[in-house]
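Beneath this line is the structure, given in structure tokens, with notes to follow.
The values are calculated or read from the model by the stated rules, or taken from the named source; none is laboratory data. Bear in mind that the values here come from a model prediction, so they are computed numbers and not experimental data. Here the Cβ is made from the backbone with ideal geometry for all residues, glycine too, and neighbour counts use every protein chain on show.
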Amino acid sequence: MVVPPRPTGSILRSDARSHRRRDEALDRARTLTRTVAVASAAAVAGGALYLSHAIPGHTSATTGTPSSQTVPSTGAPAGTGTGGTAAGSSGTLSPPATTPAPAQSPAPVVSGAS
Amino acid sequence: MAAASLEERTTRYRTTAWSTRVELVVSDPGATVAAASILHAELDRMDRIANRFRPDSELNRVNDARTGAPVPVSTDLFDTLAVACRAAALTGGAVDPTVGDALCRIGYDRDFAEVSPGVAGHLPSPLPVPGWRSVELDEERSTVRVGAATTLDLGATAKALTADRVARTVFARTGSGVLVSLGGDMAVDGPADVRFVVGVADVCDAEDPPETVTIGPGGLATSGVGSRHWLLGRHPVHHLIDPRTGLPVGGPWRTVTVAAGSCVDANTASTASMVMGEPAPGWLAARGLPARLVRVDGRTASVGDWPSGRQG
């Protein structure tokens, strides 16, 4: 039976070099991944900041999200009455819940220009 | 609930603010004192933040900054500015909060009581207003940034917003049906079946309105050239500004009355209609807003479900 020769010292040194090359490659990949992640985050934040100032007349959030149209909650009448549609706070002008009806009795108040 | 029977039980409270008539009607007479107290609190609150003629108002702090830098503002003013910008956005800029300088150019740079006798000067050349898009609101920081040459005027929407707030608060605290009229811009809140009888006329202090209707919860507003007009030198001018020219509106309508889901929306639509001119009826109809429009020559047109031709 032929016994194969034991690895020599030069072969051991070759394995060490390949391991070092592998580790170096992994380091480069890790650095590249980190760089891409940081650059992406910076690009998103920069784009959001640009958009928040590029659409004036709208509110902008300072957390880096793109600006969004103002949706105030203060223009609506109470939600308990039938007039409580989201008027004043929605993206459209809301029609009345009940339309005006003709009346015959005297009016205590008058709608007119002031 | 029948409007006529309700009418017999309502109580009315009247005062003045911002050079105009303020009226409060409650369906439960026992709620009158509380409702009047709420009314005055909200009038004071809005006056402190948005009165262009009050030197210490928060709005004037923004207008006086003129640096183009963000100015921190209270939540109240921020919300009021947001309502104004929303009105502008929904009307294609016809209702614009940056008309302050245009109003000053035609003499409306002080309380109307001092302007109404007439002011010296000449009609200026057309100059578009800076435009609502130049107003930047930062909700998180509660700041507003306007151009260095911009003066904000929140007259129309701030008044309507106050009416909505008063009506909402009165109903929430007292349970009474309530109608609030600030210079003819009305907000109604209350139980679903509450109704109030109101007149519709060119001006809010008309003694004999040509039309009478009942309205329920929501808003009713009238814009027109029949009030807040004065002489600038020898030129008759009024307070409704066309943002495209920076000059008083000169369209076909004398008065536009609109019913909507809130006073803010009704006022926004009526003011925009005055600015738009002939396209207004189609614009209102497309939004399902009942309206009554009176031409300069007195002819009347109705839009949507407005009870045309019915008079009280």
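Can you find a residue in the stretch B:51-60 that is over 19 Å from B:Thr151 (Cα atoms) and either small (Gly, Ala, Ser) or at pLDDT 90 or above (or both)?
no
Quick check on my filter: what residues within the stretch B:124-156 are within 8 Å of chain A (Cβ to nearest Cβ) and among the polar types (S, T, N, Q)?
B:Ser134 - this is the single residue of the stretch B:124-156 that is within 8 Å of chain A (Cβ to nearest Cβ) and among the polar types (S, T, N, Q).
Residue-by-condition table, conditions (1) closer than 28 Å to B:Val166 by Cα; (2) at pLDDT below 95:
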residue: B:Glu278; (1), (2): no, no
residue: B:Ala285; (1), (2): no, no
residue: B:Leu293; (1), (2): yes, no
residue: B:Asp305; (1), (2): yes, yes
residue: B:Gln311; (1), (2): no, yes
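Would you mention how many residues in the stretch B:75-117 are surrounded by fewer than 16 Cβ atoms within 10 Å (Cβ to Cβ), over 20 Å from the mean Cα position of the chain (by Cα) and either in a helix (DSSP H, G or I) or within 12 Å of another protein chain (Cβ to nearest Cβ) (or both)?
The number of residues fulfilling the criteria is 2.
On the given criteria, is B:Arg61 among the basic types (Lys, Arg), surrounded by fewer than 24 Cβ atoms within 10 Å (Cβ to Cβ) and assigned to a loop (DSSP other than H, G, I, E, B)?
For B:Arg61, the condition - among the basic types (Lys, Arg), surrounded by fewer than 24 Cβ atoms within 10 Å (Cβ to Cβ) and assigned to a loop (DSSP other than H, G, I, E, B) - is not met.
Would you confirm whether any residue within the stretch B:264-271 is among the acidic types (Asp, Glu) and under 14 Å from the mean Cα position of the chain (by Cα)?
Yes: the stretch B:264-271 contains one or more residues that are among the acidic types (Asp, Glu) and under 14 Å from the mean Cα position of the chain (by Cα).
How many residues are part of a helix (DSSP H, G or I) and of a type in the set (D, E, K, R) when one looks only at the stretch B:122-171?
Here the count works out to 5.
Can you tell me which of (1) more than 13 Å from the chain's Cα centre (by Cα); (2) in a strand (DSSP E or B); (3) more than 7 Å from every other protein chain (Cβ to nearest Cβ); (4) modelled with pLDDT of 95 or more is the one B:Val180 doesn't meet?
(1)
Of the numbered conditions (1) at the interface with chain A (Cβ under 9 Å from one of its Cβ atoms); (2) farther than 11 Å from B:Val95 by Cβ; (3) in contact with a Gly (Cβ under 7 Å, 6 or more places away or on another chain); (4) in contact (Cβ under 8 Å) with a residue 60 or more places away in the chain, B:Arg228 fails exactly one; give the number of that condition.
(3)
Residue check: is B:Val303 facing chain A (nearest Cβ under 10 Å), crowded, with 16+ Cβ neighbours inside 10 Å and hydrophobic (A, V, I, L, M, F, W, C)?
So B:Val303 does not fit the description; no.
Check off (1) within 15 Å of the chain's Cα centre (by Cα); (2) surrounded by fewer than 21 Cβ atoms within 10 Å (Cβ to Cβ); (3) charged (D, E, K, R) for B:Asp208 and give me the number that stays unchecked.
Of the numbered conditions (1) within 15 Å of the chain's Cα centre (by Cα); (2) surrounded by fewer than 21 Cβ atoms within 10 Å (Cβ to Cβ); (3) charged (D, E, K, R), the odd one out for B:Asp208 is (1).
Anything in the stretch B:179-213 that is hydroxyl-bearing (Ser, Thr, Tyr) and under 22 Å from B:Leu39 (Cβ atoms)? List them, or say none.
Once the filter is applied, which keeps residues that are hydroxyl-bearing (Ser, Thr, Tyr) and under 22 Å from B:Leu39 (Cβ atoms), the stretch B:179-213 yields only B:Ser181.
Is there any pair with a first residue in the stretch B:53-79 that is on the phi > 0 side of the Ramachandran plot and a second that is hydrophobic (A, V, I, L, M, F, W, C) and modelled with pLDDT under 95 whose Cβ atoms are under 7 Å apart and which are 6 or more apart or on different chains, and what are they?
B:Arg66/B:Ala148; B:Gly68/B:Ala148
Check off (1) loosely packed, with under 15 Cβ neighbours inside 10 Å; (2) within 26 Å of B:Ala285 (Cβ to Cβ); (3) at pLDDT below 75 for A:Gly46 and give me the number that stays unchecked.
Only one criterion is unmet by A:Gly46, namely (2).
Go through the stretch B:183-209 and report how many residues are assigned to a strand (DSSP E or B), more than 7 Å from chain A (Cβ to nearest Cβ) and not aromatic (Phe, Trp, Tyr).
Number satisfying all stated conditions: 1.
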